[in-house]
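Q: Would you mind keeping the following structure in view while I ask a few things?
The values are calculated or read from the model by the stated rules, or taken from the named source; none is laboratory data. Note that the structure is predicted; figures quoted are calculated from it, not measured. Using ideal geometry, Cβ is built from the backbone for each residue, glycine included, and neighbour counts are taken over all protein chains shown.
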Amino acid sequence: MISRQWRGLARPSRAGEYVEHLRKETFPQLRGIEGFVDATILQRRVGPGVEFLVVTRWVSPDAIRKFAGENVVSAVVPAEVQAMMIEYDTTVRHYEVVD
């Protein structure tokens, strides 16, 4: 299993909107992809914003490609989400789940 992790710093006024976007747009889309396992949203207040770490789990790199395309390390950040962020990662990190 593979853990895919992405980090973004949201504007405080838009943090709740970002969580709703994940719940109503992103996660339903992911659930429709064969090989998607689950997702977790982590957040904390950091300096000028609210930092999010979105962790998704997948059964294989092929499953991730169905979401991210051929360049699996590129972050998928729609324009509407970019507008909610102060800064965000343009690449993601993948980890093999050991336990």
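Q: Given the criterion assigned to a loop (DSSP other than H, G, I, E, B) and either over 14 Å from M1 (Cα atoms) or of a type in the set (S, T, Y) (or both), identify the matching residue among I86, I33. Lay out the reasoning, then the answer.
A: On the way: I86 fails: assigned to a loop (DSSP other than H, G, I, E, B).
Going through I86, I33 in turn, just one is assigned to a loop (DSSP other than H, G, I, E, B) and either over 14 Å from M1 (Cα atoms) or of a type in the set (S, T, Y) (or both): I33.
Q: Select, from A79, A75, A39, the only residue that is of a type outside the set (S, T, Y), in contact with a Phe, Trp or Tyr (Cβ under 6 Å, 6 or more places away or on another chain) and free of Cβ contacts under 8 Å to residues at least 24 places away in the same chain.
A: Values: A79 fails: in contact with a Phe, Trp or Tyr (Cβ under 6 Å, 6 or more places away or on another chain); A75 fails: free of Cβ contacts under 8 Å to residues at least 24 places away in the same chain.
Among A79, A75, A39, only A39 is of a type outside the set (S, T, Y), in contact with a Phe, Trp or Tyr (Cβ under 6 Å, 6 or more places away or on another chain) and free of Cβ contacts under 8 Å to residues at least 24 places away in the same chain.
Q: Also: Output the qualifying pairs, or none if there are none: Cβ atoms under 7 angstrom, residues six or more apart or on different chains, first residue in the stretch 2-25 and modelled with pLDDT of 95 or more, second residue assigned to a helix (DSSP H, G or I) and surrounded by 15 or more Cβ atoms within 10 Å (Cβ to Cβ).
A: I2/I64; R4/I64; A10/Y18; Y18/V81; H21/V81
Q: Please count how many residues of the stretch 39-59 are surrounded by 12 or more Cβ atoms within 10 Å (Cβ to Cβ) and closer than 22 Å to V97 by Cβ.
A: Residues in the stretch 39-59 being surrounded by 12 or more Cβ atoms within 10 Å (Cβ to Cβ) and closer than 22 Å to V97 by Cβ: 11 in total.
Q: A further question follows. Please find, within the stretch 42-72, the residue that is nearest to R7 (Cα to Cα) out of those that are of a type in the set (S, T, N, Q) and touching a residue at least 12 places away in the same chain (Cβ under 8 Å). Outline the logic, then answer.
A: Within the stretch 42-72, the subset of a type in the set (S, T, N, Q) is 43, 56, 60, 71.
If we keep only those that are touching a residue at least 12 places away in the same chain (Cβ under 8 Å) too, we end up with 43, 56, 60.
Working: Q43: 10, T56: 12, S60: 21 Å.
Going through the qualifying residues, I end up with Q43.
Q: Can you spot a residue in the stretch 12-22 that is exposed (fewer than 13 other Cβ atoms within 10 Å of the Cβ) and assigned to a strand (DSSP E or B)? First the steps, then the outcome.
A: Step one: filter the stretch 12-22 for residues exposed (fewer than 13 other Cβ atoms within 10 Å of the Cβ), giving 12-13, 16, 20.
Of the ones still in play, those that are also assigned to a strand (DSSP E or B) are none.
Within the stretch 12-22, none of the residues are exposed (fewer than 13 other Cβ atoms within 10 Å of the Cβ) and assigned to a strand (DSSP E or B).
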